[in-house]
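The values are calculated or read from the model by the stated rules, or taken from the named source; none is laboratory data. From a predicted model like this one, the values you see are computed outputs, not experimental measurements. Because the Cβ atoms are built from the backbone with ideal geometry, glycine has one as well, and the counts that use them run over all protein chains shown. When the accessible area is computed, the model is the full protein with side chains, heavy atoms only, and any ligands, DNA or RNA have been set aside. Shrake-Rupley method; radii C 1.70, N 1.55, O 1.52, S 1.80 Å.
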Amino acid sequence: MAMIFGGLIVAAVAVVLILWLYLKGRKEKVVPKLDNRTPFKIERRDEKSVTLSTTIEFRNEGTQSAMIVDAICHPLLPFEQYDGMNVRGKVEREGVPREDDYFEALVIEHQQSAKLVAKVTLTARKNLSLEEAVSRMVDFPVELIYREVGRTPMHWSIARVILTAEELAKLVGVQLIKD
């Protein structure tokens, strides 16, 4: 009787261990494909501001579905670095534009992709025109901060794109002034 009971315990532990190992290896893995992002393009422009966008593919290379619950576009241009331009950002799902800054969550099945559009609005400050402000612009990073969840606990990840002064000047059609 003791041998039967011991055998059942060993079998139960083995089943739990096998199940745990199986489920442990089945996770989502969301990877931003930054090398394949689209070049920035002008979405909207007036005499004081310009809105640029770039599209980035997010691929789930894991074995389980993933959900991007939230996404924030965070341009990093403090006034200490350059105070001639105010910069704001937002993220949208490709093909699902929004008038507000709300991000609509999305599911990415395993081995599938979704595309997110980062929009950056640059507004000239200090009574400068857009062209004057861009002519003295500096390079700055634009971070896409996204919260993902699947079998792993919800967590934040960051994808970083650099918007160069040269790229911006070319889009706006001005020459950079080197100080």
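Testing the spin-label approximation: label points 7 Å from Cα along Cα→Cβ at Gln111 and Glu61. State their distance in nm.
Label-label distance for Gln111 and Glu61, simple model: 1.5 nm.
Match the structure shown to one of the listed values (i) 60, 32, 28; (ii) 70, 42, 24; (iii) 90, 32, 26 of Cα extents along the principal axes in Å, computed from it, and give that label.
So the structure-derived entry is (iii).
Students often get this wrong: which residues of region 75-119 have the backbone nitrogen under 12 Å from the point 7 angstrom along Cα-to-C-beta of Arg160?
76
What is the total of Lys pairs in the chain with C-alpha atoms under 13 Å apart, excluding same-chain pairs fewer than 8 positions apart?
Here the count comes out as 5.
Label Glu99 and Val138 with points 7 Å out from Cα along Cα→Cβ: what is the distance between them in nm?
With each label placed 7 Å out from Cα toward Cβ, I get 3.7 nm.
Can you give me the % of accessible surface on the chain that is carbon or sulfur? Probe 1.4 Å, all protein chains present, nothing else counted.
Using a 1.4 Å probe with all protein chains present, the chain comes out at 57 percent carbon and sulfur.
Given a 1.4 angstrom probe, what's the average accessible area per residue across region 137-179, in square angstrom?
In whole numbers, region 137-179 has 56 Å² accessible per residue.
Amide H neighbours of Arg125 under 5 Å, counting only residues 5+ apart in sequence or on other chains, H built in-plane at 1.01 Å?
Met85, Asn86
Which ³J(HN,Hα) values in Hz, rounded to whole numbers, follow from the phi angles of region 129-144 under the Karplus curve 6.51 cos²θ - 1.76 cosθ + 1.60, where θ = phi - 60° and Gly and Pro get x?
Each residue of region 129-144 in turn: 6, 4, 4, 5, 5, 5, 5, 10, 5, 10, 5, 8, x, 10, 9, 9 Hz.
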